[in-house]
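Nothing in this text is a laboratory measurement; each read-out follows from the coordinates by a stated rule. The model shown is predicted, which means the values in this text are computed figures rather than measured ones. Note: ideal-geometry Cβ built from the backbone for every residue, glycine included; neighbour counts use all protein chains shown.
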Amino acid sequence: MSLIAAGLATATALGAGAALAGMALPDRVRVPVAGVLTAGVGVAGGASGVAALGSGGRWSAELSGLLPLAGVHLAVDALSGLFTAVAGAVIAAVAVYGVGYARGHSAHGLPSRGAQAVLPLFALTLILVPVAGSVSTFLVLWELMALASLLLVLAEHRERPSVRVAGLWYAVMTHLGFALLLAGLMVYVAGAGGESFAALRTGTADMSPTVRGLVFVLTAVAFTSKAGLVPLHAWLPRAHPEAPSPVSALMSAAMVNLGVYGLVRVGLDLLGGGPAWWWLLLMALGGLSAVYGILQAAMASDLKRLLAYSTSENMGLVVLGVGAAGLFAHAGNGALAGLALAAALLHVVNHAAFKALLFTAAGSVLRATGERDLDALGGLRARMPVTAGLFALAALGAVALPPGNGFISEWLLLQSMIHGLAVPGVTTAVVLPLAVAVIALSAGLAAAVFVKALGVGFSARPRSSRAERATEAPLLMLCGMALLAALCAALALVPGLLGDGLDRAVEAVGHTGTRPVSGDGLQVRLDEVSASLSPLWVVAALMAALAVVMAGVRLTARRRARRNQARLWDCGGGAPTPRMAYTATSFAEPLQRVFDDVLAPEQDVNVTPVRESAYLVERVRFRNRVPDRIEHRLYRPVLTFLAAAGQSARRLASGSVHVYLGYGFFSLVTLLVVLVVGW
């Protein structure tokens, strides 16, 4: 048995064992045993992915007895190995973190047996979805992943009514996406004459361009919905904040990646690429998601909602890269196509690392304070120094600045876009500068977002009694976050170690011989465009410059007046209080003014006069809200129409048996007419 097969078999066995442990073991040992076994799922699945990524070969297996009629088909190559390895690493770290998060703290953990039994099954589906080798296997695993994640989102529905609302939105959106995915893949199977991925690759050549375009559109909408791209993102800022923090980390760092996997697998691999409009559509969705997502994150004061919108932004950048890869391939430039795809895949890896760390750090804050609202936090840098430091490290990755791990992947993405301007054609001359502007704008706004989160949530004065009483997270939670921090540091300093694996993943979808990224670990070289970068030396230079600045500051401080001098005159105002500091809302207000037309904020001033006089004011209440404009303009009219249609349809249920028999007779006659006409 190969290492790939052994890893997948071990992960499946450990997942089943963890589910049984979470359901059946006594409360005293249930959490640690289930957590250790779930971590084993991640280690075993990640090992199989690394083996596939390292070898670059293909492994397949057929288990005919597991599913009726079609059986189970598994197929692993370097592309699926990359996504499996990423999911495995995130699962292992989050499982260690989850043991400390859940033990003895049912108010913010995974207290129920059902939830702890479902969590390892959800983790297992994240490992298995990328290794599906046929349409039926892929759809079954995809739906199991959706159902498991839905149950976990609803884990705390008894504590907060908002959880039920989030679960309803997530259930509707994810199953709408599944319906579109089912329709698209069924059309594909009918046109190709087979349901295995090998048969689909072979049968694509005989399909008409119209059918191929229909398959791409249906599946692309479904996959971008799972990735949380605008305008199908409405579930993401609801479900991620309301789910338990370990579940939020898995959903944002591993599950949304599978939407990208589906786009690459179907669009570039199975369909073998397509016309330019396919990829322009993806680039438009990716660019819109990147800018709109980070704008909404800038306005958010809920820490987990902020991180959820940041996920939409980063997935937008990834899809922007995938679209550019398809566009370059259509233009016949395989080298740039490989570079853009490698940049997108590297950003998938980087985003998984820093977003998992951000969500776990946010979970530590929630566990310590019971608060997600940045306006009610503050002072956590002194009370939770390790968590604050780890959050800052992950935030560096999110803003794509060195020494953050997101820097190198966005640099690669920019390199592919800038050098793509040499590709002839009006389309590239117009689209690529806009793509560069989107990447730059999203990076700048991301800096403002995480300065707000760090400054208001961690460095400012505490604004609530809960924040004042916060204590550091338990050791196991810190260990899980430390594993993710080590992964972020490795990806930031020596990303060249992934060069060969990225090249194999790119080759797995047909871009053979390009080798867009190479390096010895300390340096990343782009041979096709004659560019190179050494992140380790960049970080060393930054640290040296920072040391010089800090030394200058200390030297200047020593020359100032002694510390025991009298306090400066404060005009009678007294010492600063939390009310004098910026809140998250006030920090975002300048950006809100700049993007007022896009965000469409809602403001309301309610003045209550004194009862005896209309000229004296007793109370003034100011309300400022920035709603999701796309949701307001797109989803609310649809929901209003459906509610009205449902009310009207109630008239059909009159309670009369004769009316119901008439419905059945009418349906039967209509079906017979359709069959006769079709025959």
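Computed from phi, the 3J(HN,Hα) profile of the stretch 439-444 under the Karplus parametrisation 6.51, -1.76, 1.60 (θ = phi - 60°) reads 5, 5, 5, 5, 5, x Hz, with x in place of Gly and Pro.
Roughly what percent of Cα-Cα pairs across the stretch 281-555 reach past 23 Å?
Pairs farther apart than 23 Å: 55 percent.
The value of relative contact order for the chain, using C-alpha pairs under 8 Å at least six residues apart, is 12 percent. Over the stretch 19-128, Cα pairs under 8 Å with separation of 6+ residues give a relative contact order of 38 percent.
Counting other C-beta atoms within 10 Å, and keeping those with at most 13, which DSSP coil trypsin sites (Lys or Arg not before Pro) do you find in the stretch 434-482?
Values: sites: Lys452, Arg463, Arg466, Arg469; in loops: Arg463, Arg469.
Filter output for the stretch 434-482: Arg469.
Within the stretch 154-242, the trypsin sites (Lys or Arg not before Pro) that combine a DSSP coil assignment with at most 11 other C-beta atoms in a 10 angstrom radius are Arg158.
Computed from phi, the 3J(HN,Hα) profile of the stretch 546-553 under the Karplus parametrisation 6.51, -1.76, 1.60 (θ = phi - 60°) reads 5, 4, 5, 5, 5, 5, x, 5 Hz, with x in place of Gly and Pro. Here's how it looks for Val76: its modeled amide H is under 5 Å from those of Trp59, Ser60, which are all 5 or more places away or on a different chain. If you bin all the Cα-Cα distances of the stretch 234-371 at 10 Å, starting from zero, the percentages per bin are 13, 41, 28, 14, 4, 0.
Contact order, relative form, for the stretch 281-555: 22 percent (alpha carbon pairs under 8 Å, 6 or more residues apart, mean separation divided by residue count).
Of the residues Ala324, Pro474, Gln296, the one whose Cα sits farthest toward the positive end of the charge dipole of the chain, with +1 on the Cβ of Lys and Arg and -1 on the Cβ of Asp and Glu, is Pro474. In terms of surrounding Cβ atoms within a 10 Å radius of their Cβ, Thr428, Thr608, Thr10, Thr84 rank from fewest to most as Thr608, Thr10, Thr428, Thr84. The distance from the alpha carbon centre of the stretch 110-160 to that of the stretch 656-672 is 40 Å, rounded to a whole number. Less than 5 angstrom separates the built amide H of Ser134 from those of His73, Phe197, all sequence-distant by 5 or more or on a different chain.
One equal scatterer on each Cα of the stretch 577-669, no solvent, Debye formula: the resulting log10 I(q)/I(0) at q = 0.19, 0.21 Å⁻¹ is -1.04, -1.09. Centroid-to-centroid, using Cα positions, the stretch 392-428 and the stretch 448-467 are 29 Å apart.
Sorting Leu232, Leu642 by the number of Cβ atoms found within 10 Å of their own Cβ, with the fewest placed first, yields Leu642, Leu232. Restricting the calculation to alpha carbons of the chain gives Rg and Dmax of 26.7, 99 angstrom.
The calculated 222 nm mean residue ellipticity attributable to helices in the chain amounts to -22000 deg cm²/dmol, summing -39500 (n - 2.57) over DSSP H runs of n ≥ 4 and dividing by all residues. Ranked for footprinting exposure by Cβ neighbours inside 10 Å, fewest first, Tyr97, Tyr635 give Tyr635, Tyr97.
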